[in-house]
Amino acid sequence: MVKVNVDMASSFIRAVLPRLACRHLKIGNNCNGRYLYGCNKRWVSSGSDLVQVEQDDSDNEIVVLKMNVKPVNACTAEFNNAMTKLIKDLDADEQSKGLILTSTLPNVFSAGLQLTALHGKSYDEIKEYFSTFQTMAHTLFTSRLATVAAINGHAIAGGCVIALCCEYRVMAEGKFHNGLNEVIVGIPMPAWVSAYTVYALGTNTAEKVILSGKKHTPREALQVGLVDQVVPPDDLIQVSKNILSDLIKVGDYPRRLSKERLRKELLMFSL
Ligand SMILES: CCCCCCC/C=C/C(=O)SCCNC(=O)CCNC(=O)[C@H](O)C(C)(C)COP(=O)(O)OP(=O)(O)OC[C@H]1O[C@@H](n2cnc3c(N)ncnc32)[C@H](O)[C@@H]1OP(=O)(O)O
């Protein structure tokens, strides 16, 4: 096995990355199969392969995060923590401007909370688990980056919440569902999730969507505003990239501050 230290790998990536635009790098076993991505001197890594990181342009401005928790991208605590770390690292990296969030799985964006993690657990364990999800959602919602969810399959409950945390949502056509079914599975909707939903849909529609617990087809999701656009599956990533490119054209500082101010009121629901 070739030993790759950070300096060696960093110069390798800086030299080679521009020619490898749009491919992810998996660097030797000594990195535990983590996906590493070099932004100048900064390193962004999920710390696991539960989230794959793809750099999309030679300027390191756009990153594609692919959720990769088989079989349905249930949000395990480990996944939530890996996502939180990645988004924080990207936020701290001045070169990064936008992120696309999607899934490696062909038919599922995310099935939401890992329901099996709730069975037979103590109150404290469940509370701790919930807080990893809330921290991840909060980190994504308040990220300074421009964010687009490329929803390539079912987005249920927490999966829908992850998409709602993004600024723009594009969904692939198909036999998929998108919705907040918490009331159906017996979880009273937490106030902070309702607040994010109201932020995206407006109060009246949010109430209908939350209290019905309905799972929407892509077209229905578009009608109620859970998504902004529905496109053929093959166009999903390119459309998302085009939207993101438009979003990041705007001056970074005014955009960043405006996003922070727009979303600031909701910070009262944070941890
Ligand atoms: C501070 C409070 C925090 C609150 C958080 C905010 C509120 C969020 C709440 C939630 O997210 S609750 C979770 C609700 N999620 C669901 O109801 C989704 C349930 N799953 C499905 O509807 C379907 O699985 C699917 C996503 C539509 C995919 O269907 P598909 O036919 O492709 O796969 P399945 O055969 O159904 O499933 C495969 C496999 O995966 C297991 N699984 C599915 N969902 C989950 C899950 N959420 N958690 C854990 N495991 C899940 C399923 O049982 C199958 O397992 P096996 O039988 O193969 O072992």
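With R₀ set to 22 Å, the beta-carbon distance separating S131 from T104 gives a calculated FRET efficiency near 0.25. With the simple spin-label model, which puts each label point 7 Å out from Cα in the Cβ direction, the Q223 to D252 separation comes to 4.3 nm. Which residues in the stretch 165-191 place their backbone N less than 11 Å from a point set 7 Å from the Cα of D235 along the Cα-to-Cβ direction? Within reach of a label on D235, which here means backbone N under 11 Å from a point 7 Å along Cα→Cβ, the stretch 165-191 contributes 173. Its Cα centre serving as origin, the stretch 86-141 has a Cβ charge dipole (Lys and Arg +1, Asp and Glu -1) of approximately 220 debye.
Annotation for K88 and K264: the two label points, set 7 Å from Cα along the Cα-Cβ direction, are 2.3 nm apart. Suppose the Debye formula is applied to equal point scatterers at every Cα of the stretch 132-218; what is log10 I(q)/I(0) at q = 0.20, 0.22 Å⁻¹? Log-scaled intensity ratios, in q order: -0.94, -1.14. For K259, the aspartates and glutamates whose Cα falls under 17 Å of its own Cα, not counting residues fewer than eight places away in the same chain, are D91, E94, E167, D246. Among the listed pairs K66/K127; K214/K249; K127/K175; K85/K241; K97/K208, those whose Cα-Cα separation exceeds 28 Å are K214/K249; K127/K175; K97/K208. Rounded to the nearest 20 debye, the dipole magnitude of the stretch 95-234 is 100 debye, with +1 charges on Lys and Arg beta carbons, -1 on Asp and Glu beta carbons, and the Cα centre as origin. Taking θ as phi - 60° and the Karplus parameters 6.51, -1.76 and 1.60, the scalar couplings of the stretch 232-244 work out to x, x, 5, 9, 4, 6, 5, 4, 4, 5, 5, 5, 4 Hz in sequence order, x denoting glycine and proline. Among the trypsin sites (Lys or Arg not before Pro) within the stretch 92-147, which fall in a DSSP loop and have no more than 14 other Cβ atoms within 10 Å of their own Cβ? Loop-located and lightly packed - K121.
I237 sits among other residues whose Cβ lies under 12 Å from its own Cβ, and their net charge, with Lys and Arg +1 and Asp and Glu -1, is -2. Compared with the alpha-carbon gap, the fully stretched path from N242 to A195 is longer by 14.1 nm at 0.36 nm per residue.
Inter-label distance, Q95 to K175: 4.4 nm, where each label sits 7 Å from its Cα along the C-beta direction. Ranking L244, Q229, S258 by Cα position along the charge dipole of the stretch 214-271, where only Lys, Arg, Asp and Glu carry charges on their C-beta atoms, puts S258 farthest toward the positive end.
None of the figures in this text is laboratory data; all of them are computed from the coordinates on show. Note that this is a predicted model, so its numbers are computed, not measured. Here the Cβ is made from the backbone with ideal geometry for all residues, glycine too, and neighbour counts use every protein chain on show.
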